[in-house]
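One structure below.
The values are calculated or read from the model by the stated rules, or taken from the named source; none is laboratory data. Predicted model, so just to flag it, every value in this text is computed and none were measured. Positions of Cβ are generated from backbone atoms using ideal geometry, with glycine treated the same way; all protein chains shown enter the neighbour counts.
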Amino acid sequence: MNINIKGKLQNFDTPLVMGILNLTPDSFYAGSRVREKKTAEDKIAVMHSDGAEIIDIGAMSSRPGAPILSTEEEWSRLEPVLKIVSAKFQNLCFSLDTINSEIAKRAVEDYGIDIINDISGGNLDAKMFETIASLNVPYIIMHMRGTPETMQQLTDYKSLTGDIIYYFSEKIRQLNSLGVNDIIIDPGFGFSKTIEQNYSLLNKLDEFSVFGVPVLAGLSRKSMIWKELGITPAEALNGTTALNMYALIKGANILRVHDVKEAIEVVRLFGKV
């Protein structure tokens, strides 16, 4: 299993850790919010030092109830940090968390972003798939219904895992028809799913290997952990570590996390057992 990132094949013999860089004032986990350029630069350096193979930059919160930003507002948050990325971190791999094809195009063409991570799977921008095809970069498809504002009202499924597998089969077919083959799938923990559905999905994560593409698990400090334990997102690192290990056991190839050092330790110990 490989994906092509700028002409180099990335394999997943060892699971990868993706660090989160949040350029938002309203992310659900306050400890992840970065607003100053110098803070962003320092955080990128620390995540790289801790072992992150990919750093995922996002400027729009996708927490339940969050509004969709205008192109102008999203870009105004992103561009100062993208300038730092292109000037000082050219040897690192960066993904961009966006639902906006124009943002994706600017970030890849002007600042060399390597991967596009789209929580909407192209559902919120009809031009996204053709844009990805023209940019020739890997694409992360996440499963979500509706928008962040409406998604938690859309949790009725005929068959949770079956419906999501069908969703990915259709998306992959559409992308393949446009010549896009470097695809990563993300089942979307916390998006259009109840807490119980999240755990059911995690228990069946191995079923997504049917597509033969990397599977990303984004569990870090989410409500399925802190609400279940009666704690806060700030107190959810231990629960995150526990579920990250289970995700690896069930076949996850990428862990998307706020806490890179701890996730790298999970991957190392997983490799031993």
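Between residues in the stretch 226-237 that are closer than 20 Å to Thr194 by Cβ and residues that are part of a loop (DSSP other than H, G, I, E, B) and of a type in the set (Ser, Thr, Tyr), which pairs lie under 6 Å by C-beta distance while being six or more apart or on different chains?
Trp226/Thr232; Pro233/Tyr29
Is it the case that the stretch 203-213 has a residue that's surrounded by fewer than 15 Cβ atoms within 10 Å (Cβ to Cβ), without any contact (Cβ under 8 Å) to a residue 24 or more places away in the chain and closer than 20 Å to Thr161 by Cα?
Within the stretch 203-213 (the criterion being surrounded by fewer than 15 Cβ atoms within 10 Å (Cβ to Cβ), without any contact (Cβ under 8 Å) to a residue 24 or more places away in the chain and closer than 20 Å to Thr161 by Cα), the answer is no, since none of the residues qualifies.
Okay, residues lined up against (1) modelled with pLDDT under 90; (2) surrounded by fewer than 17 Cβ atoms within 10 Å (Cβ to Cβ); (3) of a type outside the set (Phe, Trp, Tyr); (4) in a helix (DSSP H, G or I):
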{"site": "Gln10", "(1), (2), (3), (4)": "no, no, yes, no"}
{"site": "Gly19", "(1), (2), (3), (4)": "no, no, yes, no"}
{"site": "Asp26", "(1), (2), (3), (4)": "yes, yes, yes, no"}
{"site": "Ser62", "(1), (2), (3), (4)": "yes, no, yes, no"}
{"site": "Ala87", "(1), (2), (3), (4)": "no, yes, yes, yes"}
{"site": "Lys105", "(1), (2), (3), (4)": "no, no, yes, yes"}
{"site": "Asp110", "(1), (2), (3), (4)": "no, yes, yes, yes"}
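Starting from the stretch 125-140, take each residue that is modelled with pLDDT under 95 and crowded, with 16+ Cβ neighbours inside 10 Å and list its partners that are among the aliphatic types (A, V, I, L, M) and part of a loop (DSSP other than H, G, I, E, B), counting only C-beta distances under 9 angstrom and pairs at least six apart or across chains.
Final answer for the pair search is Asp125/Ile99.
Quick one: Asp114 ticks every box in (1) at pLDDT below 95; (2) of a type in the set (Asp, Glu); (3) buried (at least 16 other Cβ atoms within 10 Å of the Cβ) except a single one, so which number is it?
(1)
Using beta carbons and a limit of 8 Å, which pairs, at least six apart or on different chains, have the first residue in the stretch 261-273 and over 16 Å from Met18 (Cβ atoms) and the second one polar (S, T, N, Q)?
From the stretch 261-273, the pairs are Gly271/Thr14.
What is the one condition in (1) modelled with pLDDT of 90 or more; (2) among the aliphatic types (A, V, I, L, M); (3) surrounded by 20 or more Cβ atoms within 10 Å (Cβ to Cβ); (4) out of contact with any strand residue (DSSP E or B) (no Cβ under 7 Å at 6 or more places or on another chain) that Val46 does not satisfy?
Evaluating Val46 over (1) modelled with pLDDT of 90 or more; (2) among the aliphatic types (A, V, I, L, M); (3) surrounded by 20 or more Cβ atoms within 10 Å (Cβ to Cβ); (4) out of contact with any strand residue (DSSP E or B) (no Cβ under 7 Å at 6 or more places or on another chain) leaves (3) as the failure.
How about the stretch 146-163: which of its residues are more than 18 Å from Asn123 (Cα to Cα) and crowded, with 17+ Cβ neighbours inside 10 Å?
Correct list: Leu160, Thr161.
Checking Gly251 against (1) at negative phi; (2) modelled with pLDDT of 95 or more: exactly one of these is not met. Which one?
Unmet condition: (1).
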